[in-house]
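The values are calculated or read from the model by the stated rules, or taken from the named source; none is laboratory data. The structure displayed is predicted, hence computed values, not measured ones. Note that each Cβ is placed from the backbone with ideal geometry, even for glycine, and that neighbours are counted across all protein chains shown. Surface accessibility is based on the protein's heavy atoms, side chains included, excluding ligands, DNA and RNA. Shrake-Rupley method; radii C 1.70, N 1.55, O 1.52, S 1.80 Å.
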Amino acid sequence: MKIGYVQTNPKRGKREQNLESALALLADVEADVLVLPELFSTGYLFADREELSKVAEPTDESPTIEWMKKVAADKGCVVCGGFPELDRDNNRIYNSAVIVSFVGPLVHYRKLHLFDQEKELFDAGEMPPKAANIGLGVAGIIICFDWIFPETMRMLALDDAQVVLHPSNLILPHCQQAMITRCIENRLFAVTANRVGSEELNEKKLTFTGHSQIVAPDGTVLKQAGAEGEEVGVVEIDPNQASDKMVTENNHLLKDRRVDVYESLLYTDKERQGRL
Ligand code: ACM
C-alpha cells in the first residue's frame, strides 16, 4: 500500500486556486492513499462564524469532496483531506475530514478537539473517530490538534485501524515528535499532512510548521517533508504490520490495558472534582 502526504500552502478563501495548485502537485504522483491538510481548500483563519459559513460545504454539495472524488477516479486511489462542513439541518459547522473513493466518502470525521479560536467558529464533533476498510487496509482520521489527546488515536487502535490519516494545520511545536509516540503506543502507521505558509487576519498572524510525515508502528519516521514549500511524499507500507500488537511475547498492547483501574478517565474534570 503506497501512502503519501500532500503538503500545500492554501490561500484563504481561494478555493478554486487551492484545488488547482494541489492538483498540479499531484501530476506525477502514484499512490493508493493521498492525504491533504486540514481545511486545505479554504484556508484556516476566519474573522467570524458568518465569514466561515460562506465557505462551509454540505457533504452532499461539496466542491472539495467532488474534487477529491475526481482525483480518486483519475489516480485510482483514495483521497483524504479536511473541509469546513455545513450541517444545514442543525445549523452547525464542523471542522471535518473525509476519506473519499471515486464513489464518495468512505470515512467521515468531525474534529473533536477544537484548537484555540476554532472554538468561536466551529462546533465540536460529537462522535468517536471510526476506522473502515479503504481497500488495501483499515484507516481512520484524526484532525490536527487531536494529536495532543492520546484518547483519539487510541479509539482508532481499538477500532482495528492500521493507518491513521491526520490532516493538519499545525502551529504548536512538538506534534511531529509526539506522533512518533502516538504510533509506538498504538502500533499504528500515521500520515500527518501538514500545511506550510502563514495567514494573517486583523492583528493575528499564524505560521504553519510543515514537516508533514509518515511514521511506522515502531516509531520510525519513514518520510518527512521540509518546513517550507509544497511537496508530496509517498512510501510503500505493509498495513498488516500494524495488526501485530505484541510488544513482547508476554505483552499485548490492547489486552494488557488495565481498564479496571482507568475509571477516572471517564469523568470530566468537573465530575472528578465532585468525587474528591
Ligand atoms: C490545529 O488544530 N489546527 C492547530
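Each principal axis of the Cα cloud of the stretch 178-260 was taken in turn, and the coordinate range along them, longest first, works out to 55, 34, 13 Å. Simple rule: put +1 on each Lys or Arg Cβ and -1 on each Asp or Glu Cβ in the stretch 117-243, find the dipole, and look at N202, I214, A124; the Cα lying farthest toward the positive end is I214.
Report the antiparallel proportion of the DSSP beta bridges in the chain as a percent, rounded to a multiple of 5. If you can, show how the numbers build up before the last one.
Working: 34 of 50 bridges.
Of the beta bridges lying entirely in the chain, close to 70 percent run antiparallel.
Near K54, within a Cβ-to-Cβ distance under 15 Å, what is the net charge of the other residues, with Lys and Arg +1 and Asp and Glu -1? Walk me through the numbers on the way to the answer.
Numbers: positive: R12, K14, R15, R49, R88; negative: E16, D48, E50, E51, E57, E61, E85.
For residues surrounding K54, the net value is -2.
Carbon-plus-sulfur accessible fraction, the stretch 176-276 (probe radius 1.4 Å, protein heavy atoms only): 47%. Residues in the stretch 28-33 carry Karplus couplings, in order, of 10, 8, 10, 7, 9, 9 Hz; the curve used is 6.51 cos²θ - 1.76 cosθ + 1.60 with θ = phi - 60°, and Gly or Pro positions show x.
In this structure, the amide hydrogen of H252, modeled 1.01 Å from its nitrogen in the peptide plane, lies closer than 5 angstrom to those of V247, counting only residues at least 5 positions away or on a different chain. A cut-off of 5 Å between modelled amide H atoms, ignoring neighbours fewer than 5 places along the same chain, links I134 with A139. Each helix, a run of at least 4 DSSP H residues, gives -39500 (n - 2.57); summed and divided by the residues of the chain, these come to -6500 deg cm²/dmol at 222 nm.
For the stretch 124-252, with every protein chain kept in place, what is the accessible area per residue (1.4 Å probe, Å²)? Walk me through the numbers on the way to the answer.
Values: 5680 Å² over 129 residues.
Value for the stretch 124-252: 44 Å² per residue.
Sequence-distant contacts, meaning Cα pairs under 8 Å at least 6 residues apart, place the relative contact order of the chain at 19 percent. Translational diffusion of the stretch 79-134, estimated by Stokes-Einstein from the Kirkwood radius over alpha carbon pairs at 10 °C in a medium of 1.306 mPa s, is 133 µm² per second.
Note on the chain: dipole from Cβ charges, positive end direction compared against V261, S62, P105; the farthest Cα belongs to V261. The GluC sites (Glu not before Pro) of the stretch 142-227 that DSSP puts in a loop, and whose beta carbon has at most 12 other beta carbons within 10 Å, are E203. Close amide H contacts of S96 (hydrogens built in the peptide plane, cut-off under 5 Å, sequence separation of 5 or more or a different chain): F83, E85, K111.
Residues of the stretch 49-81 with the amide nitrogen closer than 17 Å to a label point 7 Å from the Cα of F102, along Cα-to-Cβ, please. Output list for this probe position: 66-80. Within the same chain, lysines fewer than 8 places from K255 are excluded, and of the rest, those with a Cα less than 17 Å from its Cα are K245. With protein chains left intact and a 1.4 Å probe, residues in the stretch 8-64 average 45 Å² of accessible area per residue.
Sequentially through the stretch 190-205, phi angles give Karplus couplings (6.51, -1.76, 1.60; θ = phi - 60°) of 9, 10, 9, 9, 9, 10, 10, x, 9, 10, 10, 8, 6, 8, 9, 10 Hz, Gly and Pro residues having no value and appearing as x.
A straight Cα-to-Cα reach below 12 Å connects K111 with the aspartates and glutamates E38, E85, D123, E126, D146, residues fewer than 8 places away in its own chain not being considered.
When the listed pairs K11/K270; K54/K205; K2/K54 are checked against a 32 Å cut-off, the alpha-carbon distance exceeds it for K11/K270; K2/K54.
Around the Cα centre of the chain, unit charges on the Cβ atoms of Lys, Arg, Asp and Glu (plus for the first two, minus for the last two) sum to a dipole of about 300 debye.
Provide the three semi-axes, in whole Å and in decreasing order, of the ellipsoid equivalent to the stretch 23-86 as defined by the square roots of 5 times the Cα gyration tensor eigenvalues.
25, 12, 8
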